[in-house]
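Report on the following structure.
Computed from the coordinates by the stated procedures, all read-outs in this text should not be read as laboratory data. As the structure is a computational prediction, the values presented were derived from the model and not from experiment. FYI the Cβ positions are ideal-geometry reconstructions off the backbone, even for glycines, and counts take in every protein chain you see.
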Amino acid sequence: MVSLIFILIAIALIDSTSMIPIALLPFAAILGGKRPIVGALSFILGIVLIYSLSGLLLLLGFDFIFEVIAPSMSRWWNQPNTIELILQLIVGAVLLIYAWQQYRSPLITKDNETIVAISPFQAFTLGVSLTIIGLPGAIPYFGAIEQILRAHLNFLAAVSALILYNVAFVLPFLALLLIRLLLPNHSGAVFGAISTQIKRWGKPIIVSCVAILGCFLVADSIGWFFGYPLLATNSL
């Protein structure tokens, strides 16, 4: 068990290198924001939640899961019913409203310095989103799951090993948070400068992506009602 722990920690640290390029700057911006500690913890929680759920699915076995959900997903993709289309339309509309609100929301100015206003919930959502984006590159995660399964642990021990892996996975972000706590004055200035730079391009990109997704969902759902969905299916 001790050797398994060291192996999982080593793999997790290697795996975290795939997350750092896409999450480091947003995380630094959060640390330089208005509520750095709560925001950073919310961001890390979002990462751990999605990564833990993904690992749990791997532990349970994708074959069993796909046998249960694949038929429903296939039907929803090829021939959605009216309720599902209405829900898709609502989700798309909500995304468009959210994008519009974010576009109009002002930046917070304090002491002649402009900082990014990122709420804890937004930080959590950002952590979740970036983790989902980075999942295709999480090849070492499969190796870690294989090591856990090979150890023939009971379910509780396997889940504990999975949690350990995820804690080790976010160690680089926890280290940055620790630096922010131990050196609030010096590190705050650095993270604040990063935050100011990110606000020039980060928000427009995120808002644009959300708006595009919202437009797609709304247009596709309306297209289904008129017999012209955006994505052609073999059912038409």
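Packing here is the average count of other Cβ atoms within 10 Å per residue, and on that basis the peptides 19-25, 35-41, highest first, run 35-41, 19-25. In plain terms, the chain from N78 to E146 could stretch by 21.1 nm, reckoned as 0.36 nm per residue minus the Cα-Cα distance. A straight chain from V2 to L183 at 0.36 nm per residue would run longer than the Cα-Cα distance by 61.8 nm.
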